[in-house]
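We did not get these values from a lab; they are worked out from the coordinates using the rules stated. In this text, all values refer to a predicted model and were calculated from it rather than measured experimentally. Cβ placement follows ideal geometry from the backbone for every residue including glycine, while neighbour counts extend to all protein chains displayed.
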Amino acid sequence: MEKFYITTPIYYVNDLPHIGHTLTTVLADIFARYKKQAGFDAYFTTGTDEHGLKIKQAAEKAGKHPQEFADEVALEFKKAWQLLDIQYDYFIRTTNPKHKGLAQHFLGVLRDLGHIYKDIYEGLYCVGCEKFLTESDLNENNRCPLHKPEQTIHQKEENYFFKLSEFTQKVKQLIVEDKFKIEPLERRSEILARIEQGVEDISISREKLDWGVPIPWDKSQTSYVWVEALLNYWTIPQIVDKPNLWPPDLQTLGKEILWFHGVIWPAMLLAVGEKLPQGLFVHSFFMIDGKKMSKSLGNVINPQQLVERYGVDGTRYLLAKSLPYSDDSYVGLAKFDEWYTADLANGLGNLVARVATLAEKAGIENKTNKRKQFKFYPETKSYFDIYRFDLALAFIWEKKIRELDRLIDKRQPWNLAGEKLQEALSDIVTEIPQIAYNLKPFLPATAQEIINQYSGKIKKGESLFPRLK
Ligand code: MSP
């Protein structure tokens with residue numbers, strides 16, 4: 001079986017999981033399930049990013065040791081992913097001693113190869129982003145536009161630097177040749193334009209921060225949290241003893257962290273002679289009231305809220321349908337309610353229920369529903385290939401579900417009986433499990449329920465998507 005290594009960013013533990021994190025994790029889970037269903041040996045990883053100033057400060061505020069604090073929040077992420085039926089293969093925590101040791105080894109190699117030097121860093125730093133701010137990152141008040149103004153601080157330290165500038169032309173060439181694919185196109189162009197503006201070397205250590213991985217040749221400094229966090233994708237295959245996983249086949253992320261994944265990360269790998277990931281899928285933001293949803297802005301919706309209202313599969317569906325591809329998506333409960341009722345309760349749920357009732361009456365038995373006979377529609381495949389989960393769903397609803405609704409209205413099977421009724425339903429009862437198979441990566445439990453309900457003697461079932469109260 002061909003391997004397929006897929007990753008999500010590892011989330012900061014200063015924040016409880018909200019539907020922004022959930023979006024990326026659900027998308028990656030959908031993609032991993034799709035690949036598994038299509039016969040790949042997919043390996044899907046996620047996890048938590050637990051070092052750095054931001055986490056240290058959050059722990060202090062909570063009156064806890066950072067490790068204790070990270071233990072608690074990492075557990076919340078695991079619980080959220082369990083709630084949403086996320087089937088990850090490995091959950092990395094950056095405080096894992098194996099990860100720390102391997103990250104130190106990587107840094108040592110970088111240094112031995114001559115890609116590290118010591119220098120003074122002076123400039124503005126955003127604790128929220130955990131990043132040095134360049135001119136183009138600043139708003140009109142010389143602050144980070146994504147976080148609270150007090151999170152932009154001035155820093156002056158003697159640090160170790162990575163010779164990033166020596167590798168950026170090579171990175172650029174690989175992006176241009178699509179050997180290191182960045183999708184969608186808007187993000188690819190954005191990163192190329194930014195490389196054109198010139199790239200400086202980056203500081204990869206901290207002098208005054210103790211909550212981090214010590215620099216192996218100078219224990220008075222700790223690794224810059226981003227460098228160590230990016231390495232999770234590289235340490236995992238070694239931690240789980242699956243070296244053949246390398247390199248990642250698809251890395252999913254939000255657009256605010258594209259610079260790290262699209263430039264710094266491949267440059268680090270080129271510097272030590274490692275293969276690069278095949279590609280990145282970079283989505284845009286969920287926005288609420290015109291602002292990016294984030295803890296710092298206090299406008300979050302959490303996944304539990306959605307699951308309580310729409311169920312697990314309902315939530316997965318709504319997130320996939322709102323996929324912010326190249327533009328941001330405006331999300332909110334009013335829109336989710338509308339989609340849930342139209343697509344799930346009245347659309348899929350109603351179709352499955354009314355056909356099952358008629359099929360039971362006609363005593364129909366579906367003999368052909370052997371697993372092997374199910375296939376992804378060519379359109380489902382092509383939309384998955386370009387990460388258009390929203391279009392894959394639109395296709396299934398508009399071309400498949402609606403088509404069956406139309407056929408039923410035309411044939412009026414409720415006026416038929418006996419053989420005539422069986423005939424009127426025969427193609428419909430075989431198509432419904434086929435639709436379910438195509439929806440399985442999105443709605444794993446519901447799709448399986450439909451497939452079971454439509455195997456053998458078809459029976460009426462429980463309502464798949466209860467009406468909203
Ligand atoms: N710890 C870093 C990532 C290190 S990866 C080596 C980090 N963590 S984070 O907790 O801030 O998560 C950022 C990611 O969460 C985004 O890239 C995106 O995948 C997801 N999202 C967070 N808020 C989001 C929205 N409002 N909308 C869409 N996705 C969002 O950055």
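Brief remarks on what is shown
- Calculated P(r) of the range 1-69 - Cα pairs past 20 Å, %: 44
- Dipole of the range 305-383, positive direction: furthest Cα of Gly363, Val352, Thr341, with charges on the beta-carbon: Gly363
- Chain lengthening between Asp41 and Ala342 when straightened (0.36 nm per residue, less Cα-Cα): 104.8 nm
- When DSSP beta bridges are restricted to pairs lying wholly in the chain, around 50% turn out antiparallel.
- The H on the amide N of Tyr224, modeled in the peptide plane, is under 5 Å from the matching H of Ser205, Arg206, each at least 5 residues off or on a different chain.
- Partner aspartates and glutamates for Lys469 [C-alpha distance under 15 Å; skip if fewer than 8 residues away on the same chain]: Glu308, Asp337, Glu338
- Dipole axis of the chain (+1 Lys, Arg; -1 Asp, Glu on Cβ), positive-most option in Asn159, Ile191, Phe376: Phe376
- Residue-averaged [θ]222 nm for the chain, counting only DSSP H segments that reach four residues, each worth -39500 (n - 2.57): -13000 deg cm²/dmol
- Scaled to the globular estimate 2.2 N^0.38 Å, the Cα spread of the range 337-452, given as radius of gyration, is 1.08.
- Members of Lys79/Lys100; Lys156/Lys255; Lys172/Lys335; Lys375/Lys459; Lys64/Lys148; Lys98/Lys381 lying beyond 32 Å, as alpha-carbon distances in this model show: Lys172/Lys335; Lys98/Lys381
- Kirkwood Rh, Cα atoms: Rg over Rh of the range 57-114: 1.13
- Magnitude of the charge dipole, the range 199-296, Cβ model with Lys/Arg +1 and Asp/Glu -1, debye to 20: 280
- Shape of the range 195-267, Cα gyration tensor, a/c cut at 1.5: oblate
- Against the empirical 2.2 N^0.38 Å (N residues), the chain has a Cα radius of gyration ratio of 1.09.
- Sum of side-chain charges, Thr357 neighbourhood, beta-carbon under 12 Å (Lys, Arg +1; Asp, Glu -1): +3
- Estimated inter-spin distance, Asp218 and Ala193, nm [label 7 Å along Cα→Cβ]: 3.7
- With a Förster radius of 22 Å applied to the beta-carbon distance between Asn415 and Glu360, the computed FRET efficiency rounds to 0.85.
- Each 5 Å bin, from zero up to the one with the longest distance, holds this percent of the alpha carbon pairs of the range 320-391: 3, 12, 12, 15, 19, 17, 10, 7, 3, 1.
- When the alpha carbon gyration tensor of the range 196-321 is reduced to an equivalent ellipsoid, its three semi-axes come out at 32, 20, 17 angstrom, largest first.
- Cα-only Debye scattering, the range 278-326: base-10 log of I(q)/I(0) at q = 0.22 Å⁻¹: -0.93
- Cα-centre dipole for the chain with unit charges at Cβ (Lys and Arg positive, Asp and Glu negative), debye to 20: 1520
- Pairs of alpha carbons in the range 110-254 whose separation is greater than 22 Å (percent): 52
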